[in-house]
Amino acid sequence: MIIAIDGPAGSGKSTVARLIASRLNFKYIETGSMYRAVAWKAQQEKIHPDDAEGIAEVARNISLEFQPGPERQKVFVDGEELTPILKTETIGQLAAVVAANRAVREIMVAQQQNMGRNGNVVMDGRDIGTVVFPDADKKFFLIADQKERAQRRHEEMKVKHPEITFEEIYEQLKQRDYEDENREVSPLVPAKDSIRLDTTHMNIDDVVAYMIETIGPVHSQ
Ligand code: DC
């Protein structure tokens, strides 16, 4: 069984995807971290985000590995754990540029399809139900008001970064939505057969409960 969860930044998809995977005992793959890893490595190698071939070369040579973590999935890039660094806003912004690169997307999509080939996986991202697994057994598209999503990000970040204001986060989120929705290759759109869920007024437990009920009984393969 393959469960695809797509949606914009801050819609709660990574949190619910992780919880659902753990409830069903499925593998969880957060594909955003793959674009983030390519962005990080390109930055390390001082390759300009506009150098399409240089960035594609990074994607071709990167080795990515995931392991379940207590709070979020652990990501290893070329054998080194980089989970917290990849989550920073700087890397997120670079990742949005990298994710618009056609060659990078082809390489990442092929890896994602390979990771899901044995089934029983929950994968979240922007194009899982449309491009990576168009035949996924269940597809969800999570949305929430832009202000609510920015508020969630702010709550999450203010402990470690009290200097970052809500307004800054809101502006960054608007910019990311624009880039994700307007890029030429695989823009963020709901798959026609996805279940759309507006989480603006829902808490995580309610979202997870609703999704688990919608998924129905799961048989191990
Ligand atoms: O979900 P995230 O914020 O970690 O994603 C980082 C960037 O990668 C974001 O700009 C969207 C992009 N992305 C994508 O284009 N396709 C995916 N399957 C996952 C993420």
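The values are calculated or read from the model by the stated rules, or taken from the named source; none is laboratory data. Since the model is a prediction, treat every value here as computed from it, not as a measurement. Neighbour counts are summed over all protein chains in view; Cβ atoms, including those assigned to glycine, are modelled from backbone coordinates with ideal geometry. In case anyone asks, the SASA skips ligands and DNA or RNA and just uses the protein heavy atoms, side chains included. Shrake-Rupley method; radii C 1.70, N 1.55, O 1.52, S 1.80 Å.
So what J values fall out for segment 41-56 if you push phi through Karplus, 6.51 cos²θ - 1.76 cosθ + 1.60 with θ = phi - 60°, rounded to Hz, Gly and Pro as x?
So the Karplus estimates, Gly and Pro as x, are 5, 4, 5, 4, 8, 6, 9, 5, x, 7, 7, 4, 5, x, 5, 4 Hz.
How much length is gained if the chain between Asp145 and Lys46 is pulled fully straight, taking 0.36 nm per residue apart and subtracting their Cα-Cα distance, in nm to one decimal? Numbers along the way, then the final one.
Values: separation 99, 0.36 × 99 = 35.64 nm, distance 3.59 nm.
Working it through step by step, the gained length comes to 32.0 nm.
Only helical DSSP H runs with n ≥ 4 go in: add -39500 (n - 2.57) per run for the chain, normalise by residue count and round the 222 nm mean residue ellipticity to 500 deg cm²/dmol.
Details: 9 runs with 104 residues, N = 221.
So the helix-based figure for the chain works out to -14500 deg cm²/dmol.
Once both labels are modelled 7 Å past Cα along the beta-carbon direction, what's the Asp78-Asp206 spacing in nm?
4.6
What ranking of Tyr210, Tyr28 comes out by heavy-atom accessible area, probe 1.4 Å, highest first? It would help to have the intermediate numbers written out before the result.
Details: Tyr210 95, Tyr28 25 Å².
So, going from the largest accessible area down, we get Tyr210, Tyr28.
Between Lys27 and Val218, what is the label-point separation in nm under the 7 Å Cα-to-beta-carbon projection?
1.4
Once fully extended, how much extra length lies between Arg117 and Ser63, figured as 0.36 nm per residue of separation less the alpha-carbon to alpha-carbon distance? Can you show the working numbers first?
Values: separation 54, 0.36 × 54 = 19.44 nm, distance 1.81 nm.
Extending this stretch completely gives an extra 17.6 nm.
Provide the per-residue ³J(HN,Hα) series for segment 75-91, in order, calculated from phi with Karplus coefficients 6.51, -1.76, 1.60 and θ = phi - 60°, each as a whole number of Hz, with x at glycine and proline positions.
Residue by residue, segment 75-91 yields 10, 10, 10, 6, x, 10, 6, 10, 3, x, 4, 5, 7, 5, 5, 4, 5 Hz.
Is any residue of segment 134-149 close enough, with backbone N under 17 Å, to a label point placed 7 angstrom from the Cα of Met1 along the Cα-Cβ axis, and if so, which?
Counting backbone N atoms under 17 Å from the label point, the list is 135-141.
Report, for the chain, the % of DSSP beta bridges that are antiparallel, rounded to 5.
Taking every DSSP beta bridge within the chain, about 25 percent pair in antiparallel fashion.
Amide H to amide H, which residues 5 or more places from Lys74 or on other chains are under 5 Å from it, using H placed in the peptide plane?
Counting only residues 5 or more places away or on other chains, the set is Gln67, Gly69.
Whole number please: convex hull volume per residue of the Cα set in segment 97-158, in Å³? Could you put the intermediate results ahead of the total?
Numbers: hull volume 7.9 nm³, N = 62.
Spelled out: Cα convex hull of segment 97-158, divided by residues, is 127 Å³.
Per the Kirkwood definition applied to all pairs of different Cα atoms, how many angstroms is the hydrodynamic radius of segment 1-102? Could the numbers behind the result be given before it?
Numbers: mean 1/r = 0.0700 Å⁻¹.
Evaluated over segment 1-102, this radius sits at 14.3 Å.
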